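K.L.:
Take a look at the following structure, please.
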Amino acid sequence: MTLVAVVCTGNICRSPMAEYMIRAAAEEAGLFNVFVTSAGTAGWELGNPIDSRASEILQALGHDASEHTARQFELHEFSNVDLVLAMEDEHYAHLRHLAPTAHDRAKVRMFRAFDPKVAHRGIEDQGIYDPWYGEESDFEAVRDLIAASIPGIIDYLRELEEAPSGKPSPPGEDKDQD
């Protein structure tokens, strides 16, 4: 099994949108051993449902996120997760700092490191902004940014599933960067 965790701030907008969208894409690609979850870096929203605007976007895509409950990413998850996708550079820095080993730090990637339009840029240019303060159009823009990265994420997950031993490095990996 391959475990992916998508992380944003509160786990009510960006990360659950990405969780459901990646899960559906993995199933469509026949990657049935991929498990996708999401979490936040902060505990502000613990136990809260998905933002209604994010839920509407997902519903329009055919996904029911009504059972989603916000949670916080915990240190022990590094021992099980294969890929941690940070939605913005602050999440990336927090998660890399939290990671107990260099191996665990290497699991943390920017979400848009898989988007060919920005994969070659630095992490400061690979973020997906928080739509919470915005309008419906901001959630639609976030949906589009997530969607642009999904083919690259699916390709990487396929490589993970097919790797006989060891796992390939995610795009943009810099083992020495903290």
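The values are calculated or read from the model by the stated rules, or taken from the named source; none is laboratory data. Computed from a predicted model, the values in this text were never measured in an experiment. Because the Cβ atoms are built from the backbone with ideal geometry, glycine has one as well, and the counts that use them run over all protein chains shown. Accessible surface areas use protein heavy atoms only, side chains included; no ligands, DNA or RNA. Shrake-Rupley method; radii C 1.70, N 1.55, O 1.52, S 1.80 Å.
K.L.:
Which GluC sites (Glu not before Pro) from region 58-126 combine a DSSP loop assignment with at most 10 other Cβ atoms within 10 Å?
P.N.:
For GluC sites (Glu not before Pro) across region 58-126 that sit outside H, G, I, E and B with at most 10 neighbouring Cβ atoms in 10 Å, the list reads GLU67, GLU74.
K.L.:
Please report the carbon-and-sulfur percent of the accessible area for the chain; probe 1.4 Å, protein heavy atoms only, DNA, RNA and ligands left out.
P.N.:
Ligands and nucleic acids excluded, carbon and sulfur give 49 percent.
K.L.:
Next question. How many times 2.2 N^0.38 Å is the alpha carbon radius of gyration of region 39-127?
P.N.:
Its radius of gyration relative to the 2.2 N^0.38 Å reference: 1.20.
K.L.:
Pop a pseudo-label 7 angstrom from the Cα along the beta-carbon direction at both ASN33 and GLN72 and give the gap in nm to one decimal.
P.N.:
3.4
K.L.:
What's the longest piece of the chain with no exposed trypsin sites (Lys or Arg not before Pro), counting a site as exposed if DSSP puts it in a loop and it has at most 12 other beta carbons within 10 Å?
P.N.:
Of all site-free stretches, the longest is 1-116.
K.L.:
If you line up the Cα atoms of the chain on their principal axes, what length do they span on each, largest first, in Å?
P.N.:
Reported extents, whole Å, longest axis first: 41, 33, 31.
K.L.:
Using DSSP to call loops (not H, G, I, E or B), can you name the chymotrypsin sites (Phe, Trp or Tyr not before Pro) in region 34-116 whose Cβ has at most 13 other Cβ atoms within 10 angstrom?
P.N.:
Counting only loop positions with at most 13 other Cβ atoms within 10 Å, the chymotrypsin sites (Phe, Trp or Tyr not before Pro) in region 34-116 are TRP44.
K.L.:
Right, another one. Report the one residue of HIS63, ALA119, LEU145 whose Cα lies farthest in the direction of the positive end of the charge dipole of region 2-162 (charges on C-beta: Lys and Arg +1, Asp and Glu -1; origin at the Cα centre).
P.N.:
Toward the positive end, the furthest listed residue is ALA119.
K.L.:
Just the number please: accessible area per residue for region 2-162, 1.4 Å probe, all protein chains included, in Å².
P.N.:
Spelled out: the 1.4 Å probe surface of region 2-162, per residue, equals 45 Å².
K.L.:
I would also like to ask the following. With +1 on each Lys and Arg Cβ and -1 on each Asp and Glu Cβ, and nothing else charged, work out how big the dipole of the chain is about its Cα centre, in Debye to the nearest 20.
P.N.:
With only Lys, Arg, Asp and Glu charged at Cβ, the dipole is about 380 debye.
K.L.:
What full-extension length gain, to one decimal in nm, is calculated for THR101 and GLU140 as 0.36 nm per residue of separation minus the Cα-Cα distance?
P.N.:
10.4 nm
K.L.:
Output ³J(HN,Hα) for region 78-93: one whole-Hz value per residue in order, computed from phi by the Karplus curve 6.51 cos²θ - 1.76 cosθ + 1.60 with θ = phi - 60°, and x for Gly and Pro.
P.N.:
4, 6, 10, 7, 9, 8, 10, 9, 8, 7, 8, 5, 5, 5, 4, 4
K.L.:
Something else about it: Hey, how many Å between the Cα centroid of region 91-147 and the Cα centroid of region 30-57?
P.N.:
15
K.L.:
Skipping prolines and chain starts, which residues have an amide H placed within reach, meaning under 5 Å, of the one on THR9, given they are 5 or more residues away or on another chain?
P.N.:
When sequence neighbours closer than 5 places are left aside, the close amide H contacts are THR41.
K.L.:
Please check which bits of region 65-90 a label hung off ASP125 would reach, taking the label as a point 7 Å along Cα-to-C-beta and the cut-off as backbone N under 16 Å.
P.N.:
Backbone N within reach: 89.
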